[in-house]
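Structure first, commentary second.
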Amino acid sequence: MSPLLPRRGSRTARVALAATAVAVASSLTLTACSGSDSSDRGGDDATVRVGLVLEPTSLDIRTQFGAALDQVLIDNVYQGLVGRTADGEIRDVLASRHEVSADGKTYTFTLREGTTFQDGKPVTAADVVWSLQQAKDNASYVDSAKLAGVTSITSPSDGVVELQLAQPDSDLLFSLTGRAGLVLEQAAKNDLSDSANGTGPYEVSSWKQGDSLTFSRNDDYWGTEPKVAKIVFRYITDPSTAVNAMANGDLDVLNPVDGTLASQLQGNQDITLHRGRTTDKYTLAFNDAQAPFTDKRVRQAIRQAIDPKALIKAIGGTGVEQGGPIPELDPGYQDLTSIDAYDPDNAKKLLAEAGQSDLDLTLTYANVYPATIGDVLKSQLAEVGITLKVERVDFATWLDQVFTKKDFQLSMVDHVEERDFGNWANPDYYFGYDNPEVQRLYAESIAATSQTEKEQALREAARIVSEDAAGEWLYTATEITAVRKGVTGFPVDGGNSRLDLAGLAVR
């Protein structure tokens, strides 16, 4: 697919290319780089080069799965009525204010005046109603189900949008900060697979698949003007190559830094390493709908065969134990690390009871994740009599084979999304986990009208999932971000899921 370039003259020619992923170095330059033009080194004309990991296979924010799209497109190119603060609180964006009725069934949004799409057209209530209705009605759209409880989406008066619900939904505002709530222009004709026409502070000026993605400042942005002229993302999946690029001055930001290689950047006076918190759940998924994982004893044995502390040490210490499906930063968290804790002797007993003392399994995971993880799991499972074959595949293959077709035994992936416990209450999700009590409790948490009730239901459901050994939560990642001297405003918490770069600047 050839990229659609943004305008160089008239506003109508500037449907920008969308982007979603991850990036790394480029010939464009900034601070402390030889051969760069001085106008690129700082101030409003700066170009910031950001190294990321995961590349999307399409730019279609509606239908393409994968956190790589959310990471760079949401907030920067696409926006919704509401967004999230760095602390996960709700903030108004395309809406100037919002109200929720006392019974929790009516949400009213007043649109902010003067907001525009990147082709210069004004954002209207009709665009908002159409966007949300499309997201709700098309099951193929990512997160469509998050609007399932909305019974009507209307504009009762000029500049006002109203959502009616059959029952309260405590997650609705949060859902509207993600894909389900993005506002697109109804009249736009651009191909979403390789272009975007959002409302955000940046446009996409070029996309070289497999290499780089470039954002340019939206000079007609309705909000506060961005403080840099360009952001260049490049995709670097090899951790050593990425760290070398940062050390050599080819990158201004690297997210994340492999924990085993971070020492190579320590002591560099031009680079600061920031350690941030995340909701990145490195999850060992069992295909719970297929044997031998239909036997709870096998699932428990695998969990008890794994030593999370040793695994975290092997990856450079960039993680904390999790023990259950909800990470510490999400509502409903509780310390469940004592459930099926490391106990290889008991793991052997459980396998013997299940008649699986000599078990052969295959672990399939994307090669964007370290080989170290597979190596450690293979070694630890061997100690209890499980022979593990490790197959690392490209991410597109993983999406097709594991996520879509559910053709796997074990898999490992970083589930970066916040508040995604609902996956364990969805029997159609690739986990294949089907527990009516968990589904009931999750529905109860959604319908709760108080935060206390919501979190209590989530805690109960999460404990059941962990005690049922539905999967193994290897660790919650702690993220190391390398930032070059002079660069400010780059998020250092939760960067794998969302990178709001509106405040990015270069001194």
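Return yes when N435 is surrounded by fewer than 20 Cβ atoms within 10 Å (Cβ to Cβ) and within 22 Å of D335 (Cβ to Cβ) and no when it is not.
yes
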| query | Pick from V298, V320: which is over 30 Å from G88 (Cβ atoms) and modelled with pLDDT of 95 or more? | reply | V298
| note | Filtering region 159-204 down to residues that are surrounded by fewer than 19 Cβ atoms within 10 Å (Cβ to Cβ) and touching a strand residue (DSSP E or B) at 6+ places or on another chain (Cβ under 7 Å) yields G159, V160, E162, Q164, A166, L173
| task | Could you grab me the full set of residues in region 206-223 that are of a type in the set (S, T, Y) and closer than 18 Å to T57 by Cα? | result | S206, S212, T214
| request: Return the residue satisfying two criteria in turn: it lies in region 39-72 and is more than 12 Å from the chain's Cα centre (by Cα) and of a type in the set (D, E), and of such residues it is surrounded by the fewest Cβ atoms within 10 Å (Cβ to Cβ). | output: D44
| query | Out of Q290, Q300, which single residue is in contact (Cβ under 8 Å) with a residue 60 or more places away in the chain and in a loop (DSSP other than H, G, I, E, B)? | reply | Q290
| task | For L377, state whether it is touching a residue at least 12 places away in the same chain (Cβ under 8 Å) and in contact with a Lys or Arg (Cβ under 6 Å, 6 or more places away or on another chain). | result | no
| query | Which ones in region 369-425 are more than 25 Å from A305 (Cβ to Cβ) and in a loop (DSSP other than H, G, I, E, B)? | reply | D394, K405, V416, E417, E418, R419, D420
| When only residues in region 209-258 that are of a type in the set (F, W, Y) and not in a loop (DSSP other than H, G, I, E, B) count, which is surrounded by the fewest Cβ atoms within 10 Å (Cβ to Cβ)? | Y235
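Return yes or no: is S175 within 22 Å of K121 (Cα to Cα), outside the structural domain of D420 (by TED's automatic domain parsing) and not hydrophobic (A, V, I, L, M, F, W, C)?
Working: within 22 Å of K121 (Cα to Cα): no; outside the structural domain of D420 (by TED's automatic domain parsing): yes; not hydrophobic (A, V, I, L, M, F, W, C): yes.
Taking the combined requirement at face value, the residue does not satisfy it.
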| request: Examine region 442-457 for a residue that is assigned to a helix (DSSP H, G or I) and more than 19 Å from D330 (Cα to Cα), and state whether such a residue exists. | output: no
| message | Restricting to region 350-374, and then to whatever is free of Cβ contacts under 8 Å to residues at least 24 places away in the same chain and either more than 25 Å from the chain's Cα centre (by Cα) or assigned by TED's automatic domain parsing to the domain that holds I236 (or both), can you tell me which residue is farthest from T318 (Cα to Cα)? | response | G355
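The values are calculated or read from the model by the stated rules, or taken from the named source; none is laboratory data. A quick note: this is a predicted structure, and the numbers were derived from the prediction, not measured. Neighbour counts run over all protein chains shown; Cβ positions are idealised from the backbone, glycine included.
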